[in-house]
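J.: Before I ask anything, let me first share the structure, which is written out below as C-alpha coordinates.
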Amino acid sequence: MTKQDIAFQISIDTKIKLMGTSKQKIATAMGVSLATFYKKYNDPSSMTISQARQLCRLLKLSKDDVKDMI
(Lines give C-alpha, C1' and ligand atoms only; values in the text may rest on other atoms or scores of the structure.)
Protein backbone atom coordinates (compact mmCIF):
# COMPACT_ATOMS: atom_id res chain seq x y z
CA MET A 1 0.00 0.00 0.00
CA THR A 2 1.37 3.38 -0.99
CA LYS A 3 1.24 6.69 0.85
CA GLN A 4 -1.29 7.86 -1.72
CA ASP A 5 -3.52 4.85 -0.99
CA ILE A 6 -3.39 5.64 2.72
CA ALA A 7 -4.18 9.32 2.07
CA PHE A 8 -7.11 8.21 -0.09
CA GLN A 9 -8.47 5.96 2.65
CA ILE A 10 -8.10 8.63 5.32
CA SER A 11 -9.88 11.19 3.14
CA ILE A 12 -12.72 8.80 2.33
CA ASP A 13 -13.10 7.73 5.97
CA THR A 14 -13.14 11.35 7.12
CA LYS A 15 -15.77 12.40 4.58
CA ILE A 16 -17.96 9.40 5.37
CA LYS A 17 -17.85 10.26 9.08
CA LEU A 18 -18.48 13.97 8.48
CA MET A 19 -21.49 13.13 6.34
CA GLY A 20 -22.85 10.71 8.92
CA THR A 21 -23.08 7.89 6.42
CA SER A 22 -21.43 4.50 6.02
CA LYS A 23 -19.35 2.58 3.52
CA GLN A 24 -22.34 0.27 3.02
CA LYS A 25 -24.57 3.20 2.07
CA ILE A 26 -21.95 4.59 -0.30
CA ALA A 27 -21.47 1.16 -1.89
CA THR A 28 -25.22 0.81 -2.36
CA ALA A 29 -25.45 4.28 -3.90
CA MET A 30 -22.63 3.34 -6.28
CA GLY A 31 -24.45 0.15 -7.25
CA VAL A 32 -21.73 -2.18 -5.99
CA SER A 33 -21.48 -4.67 -3.17
CA LEU A 34 -19.68 -3.76 0.02
CA ALA A 35 -16.97 -6.30 -0.92
CA THR A 36 -16.43 -4.54 -4.27
CA PHE A 37 -16.35 -1.15 -2.54
CA TYR A 38 -13.63 -2.44 -0.20
CA LYS A 39 -11.61 -3.76 -3.16
CA LYS A 40 -11.69 -0.27 -4.68
CA TYR A 41 -11.05 1.35 -1.29
CA ASN A 42 -8.00 -0.84 -0.67
CA ASP A 43 -6.69 -0.50 -4.25
CA PRO A 44 -7.82 2.89 -5.57
CA SER A 45 -5.97 2.34 -8.85
CA SER A 46 -8.53 -0.36 -9.69
CA MET A 47 -11.32 2.21 -9.62
CA THR A 48 -12.61 3.35 -12.99
CA ILE A 49 -12.81 7.05 -13.77
CA SER A 50 -16.59 6.76 -13.71
CA GLN A 51 -16.50 5.16 -10.26
CA ALA A 52 -14.09 7.80 -8.97
CA ARG A 53 -16.35 10.59 -10.24
CA GLN A 54 -19.37 8.93 -8.69
CA LEU A 55 -17.58 8.58 -5.36
CA CYS A 56 -16.57 12.24 -5.48
CA ARG A 57 -20.17 13.30 -6.16
CA LEU A 58 -21.58 11.10 -3.40
CA LEU A 59 -19.06 12.38 -0.86
CA LYS A 60 -19.25 15.95 -2.16
CA LEU A 61 -15.49 16.07 -2.59
CA SER A 62 -14.10 19.33 -3.94
CA LYS A 63 -11.30 19.53 -6.47
CA ASP A 64 -8.99 20.51 -3.62
CA ASP A 65 -10.07 17.41 -1.65
CA VAL A 66 -9.22 15.24 -4.64
CA LYS A 67 -5.86 16.97 -5.17
CA ASP A 68 -4.95 16.26 -1.55
CA MET A 69 -5.60 12.55 -2.13
CA ILE A 70 -3.32 12.18 -5.14
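The values are calculated or read from the model by the stated rules, or taken from the named source; none is laboratory data. What you see is a predicted model; the values in this text were computed from it and never measured. Here the Cβ is made from the backbone with ideal geometry for all residues, glycine too, and neighbour counts use every protein chain on show. Note: areas computed on protein heavy atoms with side chains; ligands, DNA, RNA excluded. Shrake-Rupley method; radii C 1.70, N 1.55, O 1.52, S 1.80 Å.
J.: Looking at (1) at pLDDT 95 or above; (2) within 19 Å of Ile10 (Cβ to Cβ), which is the only condition Leu34 fails?
T.: (2)
J.: When only residues in segment 8-35 that are open to solvent by less than 70 Å² (accessible area, probe 1.4 Å), in a helix (DSSP H, G or I) and not hydrophobic (A, V, I, L, M, F, W, C) count, which is nearest to Lys60 (Cα to Cα)? Don't jump to the end; show me each part of the working.
T.: Initial filter on segment 8-35 (open to solvent by less than 70 Å² (accessible area, probe 1.4 Å)): 8-9, 11-16, 20-23, 26-27, 29-35.
Add one more test, that the residue is in a helix (DSSP H, G or I), and what stays is 8-9, 11-16, 23, 26-27, 29-30, 34-35.
Add one more test, that the residue is not hydrophobic (A, V, I, L, M, F, W, C), and what stays is 9, 11, 13-15, 23.
Details: Gln9: 15, Ser11: 12, Asp13: 13, Thr14: 12, Lys15: 8, Lys23: 15 Å.
Taking the candidates together, the pick is Lys15.
J.: Kindly provide the set of residues from segment 1-25 that are farther than 22 Å from Lys67 by Cα and in contact (Cβ under 8 Å) with a residue 40 or more places away in the chain, ordered by number.
T.: Filtering segment 1-25 down to residues farther than 22 Å from Lys67 by Cα leaves 20-22, 24-25.
Listed by number, the list is empty, since nothing qualifies.
J.: How many of the residues in segment 36-66 are basic (Lys, Arg) and open to solvent by less than 50 Å² (accessible area, probe 1.4 Å)?
T.: To start, the set of residues in segment 36-66 that are basic (Lys, Arg) comprises 39-40, 53, 57, 60, 63.
Next, only the ones that are open to solvent by less than 50 Å² (accessible area, probe 1.4 Å) stay: 40.
Within segment 36-66, residues that are basic (Lys, Arg) and open to solvent by less than 50 Å² (accessible area, probe 1.4 Å) number 1.
J.: Please determine whether any residue of segment 51-61 is free of Cβ contacts under 8 Å to residues at least 24 places away in the same chain and more than 11 Å from the chain's Cα centre (by Cα). Full working, then the answer.
T.: Initial filter on segment 51-61 (free of Cβ contacts under 8 Å to residues at least 24 places away in the same chain): 51-53, 56-57.
Restricting the remaining residues to those that are more than 11 Å from the chain's Cα centre (by Cα) gives none.
No; the residues of segment 51-61 include none that is free of Cβ contacts under 8 Å to residues at least 24 places away in the same chain and more than 11 Å from the chain's Cα centre (by Cα).
J.: Sticking with this structure for a sec: Quick check on segment 26-38. Is at least one of its residues without any contact (Cβ under 8 Å) to a residue 40 or more places away in the chain, among the small types (Gly, Ala, Ser) and in contact with a Leu (Cβ under 8 Å, 6 or more places away or on another chain)? Write out each step before concluding.
T.: The initial filter retains those residues of segment 26-38 that are without any contact (Cβ under 8 Å) to a residue 40 or more places away in the chain, namely 26-38.
If we keep only those that are among the small types (Gly, Ala, Ser) too, we end up with 27, 29, 31, 33, 35.
Next cut, in contact with a Leu (Cβ under 8 Å, 6 or more places away or on another chain) only: 27, 29.
Yes, because at least one residue in segment 26-38 is without any contact (Cβ under 8 Å) to a residue 40 or more places away in the chain, among the small types (Gly, Ala, Ser) and in contact with a Leu (Cβ under 8 Å, 6 or more places away or on another chain).
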